[in-house]
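Structure first, commentary second.
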Amino acid sequence: MKAILTSVLASSLLVLAAPASAQFAKTEDAIKYRQSALFVLGQHFGRIGAMVNGRVPFDAKVAAENADIVAAMAQLPWAGFGPGTDKGAPTKAEPAIWTEPAKFKEASDKMVAETAKLAAAAKTGNLDTLKTAFGATAGSCKACHDAFRGK
C-alpha cells in the first residue's frame, strides 16, 4: 500500500511539474515571455494613468477595457521567473527573486490582487474610485520594482 501511495504521489508531482518545465524550451524564452507580459501590462496601465492624471480625457469604457487587460496580464509573467531564468538573456531581474522567493511571491500576489481591484474600480465608471485603485496598484508595482528590479 505504501509503495502504491508513493508511486501515485510521485506521478502526481511529475504531472504537475511537467507543464512548468515544458512551458519554455529555452531560458531566453521564459525571460522574453515575462518581459513581454510586463510590457503589455505597463502599456495598458499607462493608458489608465493618462486618464487618472488628466493627460487625456476620462473615458469610462476605455478605462474599464484597459483595466481588464491589466488584470489579465498581471496573471502571466510569474511563470517566466523559474529556476535558472536569472541568466540567459538581458534582464533587470534582481537575484532576490530567486534568493527570497516567498517575498517575491508575496509582492507578485499583492500586485495581482491590486489589479483585480483596479478592474473592479474601473467598472464603476467613477474617476475618483479609479484614481484610488490606480494609486494602490501603482504602489504595489513600485514596491516590487524597488525590491526586485535593477536599474
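All of the numbers you see were taken from the coordinates with simple rules; none came from a lab. Quick caveat, the model's predicted, so the values are computed rather than measured. Positions of Cβ are backbone-derived with ideal geometry, glycine not excepted, and every protein chain shown enters the neighbour counts.
Taking the Cα centre as origin and putting +1 on Lys and Arg beta-carbons and -1 on Asp and Glu beta-carbons, what dipole magnitude results for the stretch 25-148, to the nearest 20 debye? Intermediate results must be reported in sequence, preceding the final value.
Numbers: 15 positive and 13 negative charges, 31 e Å.
My answer is approximately 140 debye.
Quick one: which residues, 5 or more positions from residue 93 or on another chain, have an amide H under 5 Å from its amide H? H modelled 1.01 Å from N in the peptide plane, none for Pro or chain starts.
150
Compute the long axis of helix 127-148 from its Cα atoms, compare it with the longest principal axis of the Cα atoms of the chain, and write down the angle in degrees, 0 to 90, nearest 10.
Tilt relative to the chain: about 40 degrees.
Nearest 10 degrees is fine. How inclined is helix 2-22 to the longest principal axis of the chain, computing both from alpha carbons?
Its long axis makes an angle of about 40 degrees.
Counting other Cβ atoms within 10 Å of each Cβ, which trypsin sites (Lys or Arg not before Pro) in the stretch 48-107 have at most 12 and sit in a DSSP loop? The partial results should precede the final answer.
Working: sites: 55, 61, 87, 92, 103, 105; in loops: 55, 87, 92.
In loop regions of the stretch 48-107 (DSSP not H, G, I, E or B), the sparsely surrounded trypsin sites (Lys or Arg not before Pro) are 55, 87, 92.
What is the distance in Å between the Cα centroid of the stretch 81-142 and that of the stretch 47-78?
Using only Cα atoms, the two centres lie 14 Å from each other.
With Cα Rg over 2.2 N^0.38 Å defined as stated, name the option among [x] 1.25; [y] 1.03; [z] 1.12 computed from the structure displayed.
Computed from the coordinates, Cα Rg over 2.2 N^0.38 Å corresponds to [x].
For the chain, what is the calculated [θ] at 222 nm in deg cm²/dmol (nearest 500), taking -39500 (n - 2.57) for each run of four or more DSSP H residues and dividing by its residue count?
Details: 6 runs with 110 residues, N = 151.
Theoretical 222 nm ellipticity from helices: -24500 deg cm²/dmol.
Which whole-Hz couplings ³J(HN,Hα) result when phi for each residue of the stretch 23-28 is put into the Karplus expression 6.51 cos²θ - 1.76 cosθ + 1.60, θ = phi - 60°, listed in order with x for Gly and Pro?
Going residue by residue, I get 5, 10, 5, 9, 4, 4 Hz, with x marking Gly and Pro.
Listing 108, 140, 36 from the residue with the fewest other Cβ atoms within 10 Å to the one with the most, what is the order?
Ascending Cβ contact count within 10 Å gives the list 36, 108, 140.
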